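To keep things clear, I will list the structure first and then write my remarks on it.
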């Protein structure tokens, strides 16, 4: 469960998925552990897919001062 | 002097001294050259080579050239990494000559004992000093220890607004399939205002929490153009930033101090963009899909395999019973078949025996009939034979009776003869026996008479 207790990053999630699959492929996990690992793996796959989606919605180009201004205005930047 | 004994004759008519062994002459030449005054010369460096013991280069200018060499330890002590082509240097030293030998070539060189880089070389020397200082202070390491996100959502880029580097960065990001948020921090990249502007842009980008990685990109240029990226303040600022910086400044042959302190140094802005986004999005999607499939497969397999095992276990007793039932049924069928075969066999054998008995009964009846007939015939024959035999026997008996009567002593007695017997009734046939008997019995036809022999009249007939 390392790397998943706190907010995961894409790379930690990918590493954890690989570790889970390696563990499952080893055939050493019992039924309960297998089901828990699969459940955790599904969550991580969904997380990674969300991360990939987040950088695939369309390139958003901002100038630095625009970003700063919008951050200072406290609202989310919009696409230019 | 070593080969005086083998010295050949000189050239006839020549007024010059000698001939001298060339080794002697080379040694004296070396001694003479070393007597030359040591001086400083300056020129442009070409063909710099560093060997294990020495470094070599040529100093050239429009008027001529001088081959130079320097002991490697003295060169290393200067702290100059390498002399680029054309670098203006001042070299101190004096003439030297390697006399060579039978197996090595002679060589003249200006033996350098000190070097000072001049002109652009001065700039490089300054940079090298600053580089060493930054390394010594450990400022080249912090950026490299920063975690770099594999899939940043927001990337900051510091570059010239009109430069080609901007398009290269976009091309690199497109190649990764990355389409997140890109924050441009445009700054001059080649004048004296460049370094402070770049430093400020980097600080501003790092101040935005959303920015996860920063690219500093600039195309190629002269060393003077790239000097802004060797600014000490800029380098120290980058070393302390919280976000990793990917640098791509100049051509791959140039290495600015920013490249040293940055987390990653790339040869082109396109590569810098790819380094900022290590994940190729399409490939990552495919890998993620494959991982999801494997997870589902493992999950399904874990359940299905165990369910199958349970089903096997639960079916085992029923299978056991069914197997035994089948075996019993089989035995029952075999028993029935065997019984049917036995009965049929018995019936067949009984039939055969009945048939045999019938045949025997018929034969017995036939025998009985024949026996009866034969008995009847035998009885008839016996009857016939009996009568005949009886008659015959009667006749024989009569004949025998006649014969017997003929031999009967009584018949003889009837004819007047007497039978003499002793006291025991045995016939007495001799005189001697009769003489010995005290008394004799005479059997006559009608009875017995006891008599006593008279020894006086007893005599034997001759």
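Using only Cα atoms, locate the centre of the range B:230-285 and the centre of the range B:360-435, then give the distance between them in Å, rounded to an integer. Going from one Cα centre to the other spans 165 Å. So what's the angle, to the nearest 10 degrees on a 0 to 90 scale, between helix B:164-176 and the longest Cα principal axis of chain B? Helix B:164-176 and the main axis of chain B meet at about 10 degrees. Sorting B:299, B:247 by the number of Cβ atoms found within 10 Å of their own Cβ, with the fewest placed first, yields B:299, B:247.
Taking 0.36 nm per residue of separation and subtracting the Cα-Cα distance, full extension of the segment from residue B:338 to residue B:406 would add 15.6 nm. How far, in degrees from 0 to 90, does helix B:120-136 lean away from the longest principal axis of the Cα atoms of chain B, to the nearest 10? Tilt relative to chain B: about 50 degrees.
The angle separating the long axis of helix B:22-34 from the principal Cα axis of greatest extent in chain B is about 50 degrees. If both residues of a DSSP beta bridge must be in chain B, then about 65% of such bridges are antiparallel. Modelled label positions at residue B:179 and residue B:365, each set 7 Å beyond Cα in the direction of Cβ, lie 11.7 nm from each other. Most simply put, the protein assembly as shown has about 60% antiparallel DSSP beta bridges, counting only bridges with both residues inside it. Remark: A:10, B:97, B:25 ranked as B:25, B:97, A:10, counting other beta-carbon atoms within 10 Å and listing the fewest first. Going by neighbour counts of Cβ atoms within 10 Å, the residues B:417, B:285 line up, fewest first, as B:417, B:285. FRET efficiency for the residue B:161 to residue B:85 pair, using the beta carbon distance and R₀ = 45 Å, is estimated at 0.85. Normalising the average separation of contacting C-alpha pairs (under 8 angstrom, six or more residues apart) by the number of residues puts the relative contact order of the range B:142-279 at 34 percent. Note on residue B:296 and residue B:457: the extension gain reaches 41.3 nm, defined as 0.36 nm multiplied by sequence separation minus the Cα-Cα distance. Label positions at residue B:113 and residue A:69, each projected 7 Å from the Cα along the C-beta direction, are separated by 6.7 nm.
Entry note, the protein assembly as shown: the mean residue ellipticity at 222 nm calculated from DSSP H runs of n ≥ 4, each adding -39500 (n - 2.57), is -17500 deg cm²/dmol after division by the residues and rounding to the nearest 500.
Computed from the coordinates by the stated procedures, all read-outs in this text should not be read as laboratory data. The structure presented is a predicted model; accordingly, all values stated were derived computationally and were not measured. Cβ sites come from the backbone with ideal geometry, for glycine too, and all protein chains shown count toward neighbours.
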